[in-house]
Each structure stands twice: as structure tokens, then as C-alpha cells.
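What follows is a single structure, written as C-alpha cells, with notes after it.
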Amino acid sequence: MKITLSMSMSLNGIVTRPDGNEDFLSYEHWSVFVRMAEKHECFIIGRKTYVAVKEWGKEYDWAKISALCVIVSKTLKQPMKGRYLVVRSPREAVKKLSSLGYKKALLGGGPTLNAAFARAKLINEVTFAIEPILIGAGKPTIAPRFPDLPLQLISVKKKNKLLILHYRVR
């Protein structure tokens, strides 16, 4: 299964402020993520990302995405209604999606989940939507202690004020 990590961030690689606030991200990044999720037909997020986006407001709604949403969580106990699947680990996410016939998935997790996928060597491509701002402090794209991911540039696009970089993991 092909996994594409998709992250929106500041120019210096910050995905949230230290308190988890993502106020520097524009609505444009959400539009890019939704289009990519629907193209992949399924996407993987963590519980914290699921909860954070629910608090952003009505225009940010997981239910508006037609793709299957896989939530990796060790604490969510009950399956959620709708096109949601709850799994306990990155490997379980890949195994379950493969058994359902999916060939590719979009990973839109936070730093901890992204690091878990990187440690498991499950990331094949990376797409960054870069906001034109430098943030003084915050959380990185991938939490510390993950293996190097050597990348090969596939494409560079400009979408309004976003710079979108697409890489293949070598």
C-alpha cells in the first residue's frame, strides 16, 4: 500500500503552536487536504487531529469528505458512525485498508502519528502545503526520534498563497 504523508505547515516546518493552536493555517490548506483525501479515497489521522479539526468551526467538517477516515487511537473504544474506522496502530491501519481493497492512503496525522509511520517505514511520498509565515515556536511535522527519510522532489506547485512540494521517499 502506498502512503502519502500530507502536512500543512509554516515555512520553517511548524505544524502547531506549542499549545496545539493552528491559527496560522489558512482555509486553503484544508481545501488542498480534502481534494487529496478524496483522490486517495481514504485518509489516516490520529485522535488528536480528529478532535482538533472538529473545534476549528463549521467550514472544517470531516463528514464533508467522501473518503473513508481511519483514526489511529489507543483510547477510542467504539466505532464511529459514518465513514470512519478506528484502529490501534499504523500497521493495523495499513492491514485493514489493504484488506478492504485500498491501494493508497493519505496520512494527515500529527507529529507523533507521523513519526510512528516513519519508524514503521510506511511512508512512500510526502506532500507539504507551506504557509507564507515563520513561527517562533511549535511542534514539528514529525516528532523527534524518527529515521531519516531521504526525499526526491517530484513537483512544486503554487496554489494561491500556498507552496505545495511533493516528494517521493527514496
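Values computed for the structure shown
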| read-out | value |
| --- | --- |
| Only one of VAL126, VAL72, VAL94 that is farther than 22 Å from MET9 by Cβ and among the β-branched types (Val, Ile, Thr) | VAL94 |
| Of all residues making up the stretch 124-151, the number that are more than 22 Å from LYS48 (Cβ to Cβ) and among the charged types (D, E, K, R) | 2 |
| Positions within the stretch 157-170 being out of contact with any strand residue (DSSP E or B) (no Cβ under 6 Å at 6 or more places or on another chain) and without any contact (Cβ under 8 Å) to a residue 40 or more places away in the chain, in sequence order | LYS158 |
| Test: residue in the stretch 40-54 that is surrounded by fewer than 20 Cβ atoms within 10 Å (Cβ to Cβ), outside any helix (DSSP H, G or I) and in contact with a helix residue (DSSP H, G or I) (Cβ under 8 Å, 6 or more places away or on another chain) | no |
| Conditions (1) at pLDDT 90 or above; (2) buried (at least 22 other Cβ atoms within 10 Å of the Cβ); (3) not in a strand (DSSP E or B); (4) not polar (S, T, N, Q): number failed by ILE71 | (3) |
| Residue count, the stretch 78-129 (criterion: hydroxyl-bearing (Ser, Thr, Tyr) and in contact (Cβ under 8 Å) with a residue 60 or more places away in the chain) | 4 |
| Residue under evaluation ALA116, criteria (1) farther than 25 Å from PRO18 by Cα; (2) crowded, with 19+ Cβ neighbours inside 10 Å, criterion not met | (1) |
| Filter result (part of a helix (DSSP H, G or I) and of a type outside the set (Gly, Ala, Ser)) within the stretch 96-121 | LYS96, LEU97, PRO111, THR112, LEU113, ASN114, PHE117, ARG119 |
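Rundown of residues vs (1) surrounded by fewer than 19 Cβ atoms within 10 Å (Cβ to Cβ); (2) in a helix (DSSP H, G or I), yes/no style:
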| site | (1), (2) |
| --- | --- |
| TRP56 | yes, no |
| GLU59 | yes, no |
| LYS77 | yes, no |
| VAL86 | no, no |
| VAL94 | no, yes |
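The values are calculated or read from the model by the stated rules, or taken from the named source; none is laboratory data. The structure presented is a predicted model; accordingly, all values stated were derived computationally and were not measured. With ideal geometry, Cβ positions are generated from the backbone for all residues, glycine too; neighbour counts draw on all protein chains shown.
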